[in-house]
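J.: The structure's right below; bear with me while I get my questions together.
The values are calculated or read from the model by the stated rules, or taken from the named source; none is laboratory data. On a predicted model such as this, the values are computed, not experimentally measured, just so you know. Neighbour counts are summed over all protein chains in view; Cβ atoms, including those assigned to glycine, are modelled from backbone coordinates with ideal geometry.
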């Protein structure tokens, strides 16, 4: 497969996987059997991290685990002086993000975070327009994001459904968007205020089915009447037989994480996170942003507007739950303040996440290209920590009805 710029997605000439760490050693064994073949990769339990480092001597630790474990693995890797590449969000709490920043300063290791939405071709084009001065200094950003009934509901059947495991979707998902807004603005976030609620999922979910007497349905009867299940019955996220073990990529089972017999529903009492947010953000250069997101929408995508002292940029991305794209998304609209608007065709790039993933992996495993450096595509630990702080600030603002500053959440006094 070819990615952005023609770079091969085969990195075997520069990268070797020397070890796996997983809570499920049986799943790791199946990775070896089905994918790796004869040269089996040694597997370790999480508590064997230090032994793994001693026995396999890695140069880089890749962290792609549930969010609440990111901080632990990053800190342990930095303690060994290793480089770390972590999935977003870097951590699930601002306190852990602060600990990572402190540990990185004291370590010979480093931290990179895969905020891959920066690498989407459309998003790069928007950044190019901004840094070229096409709309002058950024003054306002408005991002209205929608996660559809399939994608959105799936989070509430996985570990993401609890604050303790994900920090909430304001971190797990919105850190993508919050990072984009900061990156496009070219400014650092200072403060956030938000309203939010749990409208669709959990015990009081708006579409929770009832019987003729008004009592909540359970078990198979609930499944048969739930519009979310009916929209995606039989998928990996919505297994038709909830008593079987859930599977993921390559058909690999999640025997430990989602054991057979444990039947999760979208309306469980255990769900304690919000599914709807509206927020406002202030940046240090005078810009502000309006950011909203819903996790039960008829469509998936966003409407974006960026105002500047010399004009405005608008963009739209959208698809229906069946994956069909909406036609309005073919161009970026540039509206200079004192000239006619210009439609800019969106670059067509192969690869996951709109061509983002191949380019990001090339930057990580080979060498960052000129455009990557010029646009600042790679997110460093500080930028990742700010996205975490904004995400935590969102849910805390909802809970406490007050604004939160990035400085207080990251306790800047300790980082000087």
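J.: Need at least 3 residues that are at pLDDT 95 or above and touching a strand residue (DSSP E or B) at 6+ places or on another chain (Cβ under 7 Å) per element, so show me which helices (runs of 4 or more DSSP H) inside the range 364-416 make the cut, counting only ones lying wholly within it. Write out each step before concluding.
T.: Working: elements: 370-375, 381-400, 406-410.
In the range 364-416, 381-400 are the helices (runs of 4 or more DSSP H) which contain 3 or more residues that are at pLDDT 95 or above and touching a strand residue (DSSP E or B) at 6+ places or on another chain (Cβ under 7 Å).
J.: Could you check residue 281 against (1) loosely packed, with under 14 Cβ neighbours inside 10 Å; (2) touching a strand residue (DSSP E or B) at 6+ places or on another chain (Cβ under 9 Å) and say which number it fails?
T.: Residue 281 satisfies all of (1) loosely packed, with under 14 Cβ neighbours inside 10 Å; (2) touching a strand residue (DSSP E or B) at 6+ places or on another chain (Cβ under 9 Å) except (1).
J.: Looking at residue 352, is it within 20 Å of the chain's Cα centre (by Cα), surrounded by fewer than 20 Cβ atoms within 10 Å (Cβ to Cβ) and closer than 30 Å to residue 15 by Cα? Lay out the reasoning, then the answer.
T.: Values: within 20 Å of the chain's Cα centre (by Cα): yes; surrounded by fewer than 20 Cβ atoms within 10 Å (Cβ to Cβ): yes; closer than 30 Å to residue 15 by Cα: yes.
The answer is yes for residue 352.
J.: Hey, another quick one. Residue check, residue 98 against (1) assigned to a helix (DSSP H, G or I); (2) surrounded by fewer than 16 Cβ atoms within 10 Å (Cβ to Cβ); (3) touching a residue at least 40 places away in the same chain (Cβ under 8 Å), all met but one. Which one?
T.: The single condition residue 98 does not satisfy is (2).
J.: Next question, about the same structure. Mind listing whichever residues of the range 175-229 are surrounded by fewer than 17 Cβ atoms within 10 Å (Cβ to Cβ) and out of contact with any strand residue (DSSP E or B) (no Cβ under 9 Å at 6 or more places or on another chain)?
T.: 204, 211, 212, 213, 214, 215, 218, 219, 220, 221, 224, 227, listed by residue number.
J.: Give just the number: which of (1) modelled with pLDDT under 95; (2) within 26 Å of residue 193 (Cα to Cα) does residue 290 not satisfy?
T.: So residue 290 meets the others, but not (1).
J.: Select from the range 48-79 the residues that are within 23 Å of the chain's Cα centre (by Cα) and more than 20 Å from residue 167 (Cα to Cα) and list them in ascending order. Spell out how you get there, then give the answer.
T.: Here is the first cut: in the range 48-79, the ones within 23 Å of the chain's Cα centre (by Cα) are 60-78.
Across the range 48-79, the qualifying residues are 60, 61, 62, 76, 77, 78.
J.: Select from the range 14-30 the residues that are surrounded by 15 or more Cβ atoms within 10 Å (Cβ to Cβ), out of contact with any helix residue (DSSP H, G or I) (no Cβ under 8 Å at 6 or more places or on another chain) and either farther than 25 Å from residue 251 by Cα or in contact (Cβ under 8 Å) with a residue 40 or more places away in the chain (or both) and list them in ascending order.
T.: Passing the criteria: 24, 27, 30.
J.: Out of 42, 89, 66, 46, I need the residue that is touching a residue at least 60 places away in the same chain (Cβ under 8 Å) and either crowded, with 17+ Cβ neighbours inside 10 Å or in contact with a strand residue (DSSP E or B) (Cβ under 8 Å, 6 or more places away or on another chain) (or both). Which one?
T.: Details: 42 fails: touching a residue at least 60 places away in the same chain (Cβ under 8 Å); 66 fails: either crowded, with 17+ Cβ neighbours inside 10 Å or in contact with a strand residue (DSSP E or B) (Cβ under 8 Å, 6 or more places away or on another chain) (or both); 46 fails: touching a residue at least 60 places away in the same chain (Cβ under 8 Å).
Of 42, 89, 66, 46, the one residue that is touching a residue at least 60 places away in the same chain (Cβ under 8 Å) and either crowded, with 17+ Cβ neighbours inside 10 Å or in contact with a strand residue (DSSP E or B) (Cβ under 8 Å, 6 or more places away or on another chain) (or both) is 89.
J.: Go through (1) surrounded by fewer than 18 Cβ atoms within 10 Å (Cβ to Cβ); (2) part of a helix (DSSP H, G or I); (3) touching a residue at least 12 places away in the same chain (Cβ under 8 Å) one by one and return the number of the condition residue 33 breaks.
T.: The number of the failed condition is (3).
J.: Could you tell me whether residue 113 is in a strand (DSSP E or B), buried (at least 24 other Cβ atoms within 10 Å of the Cβ) and touching a residue at least 60 places away in the same chain (Cβ under 8 Å)?
T.: Yes: the conditions hold for residue 113.
J.: Here is a further query. Residue by residue through the range 315-363, note down the ones that are part of a helix (DSSP H, G or I), in contact with a helix residue (DSSP H, G or I) (Cβ under 7 Å, 6 or more places away or on another chain) and closer than 26 Å to residue 134 by Cβ.
T.: Those that are part of a helix (DSSP H, G or I), in contact with a helix residue (DSSP H, G or I) (Cβ under 7 Å, 6 or more places away or on another chain) and closer than 26 Å to residue 134 by Cβ: 353, 354, 355, 356, 359, 360, 363.
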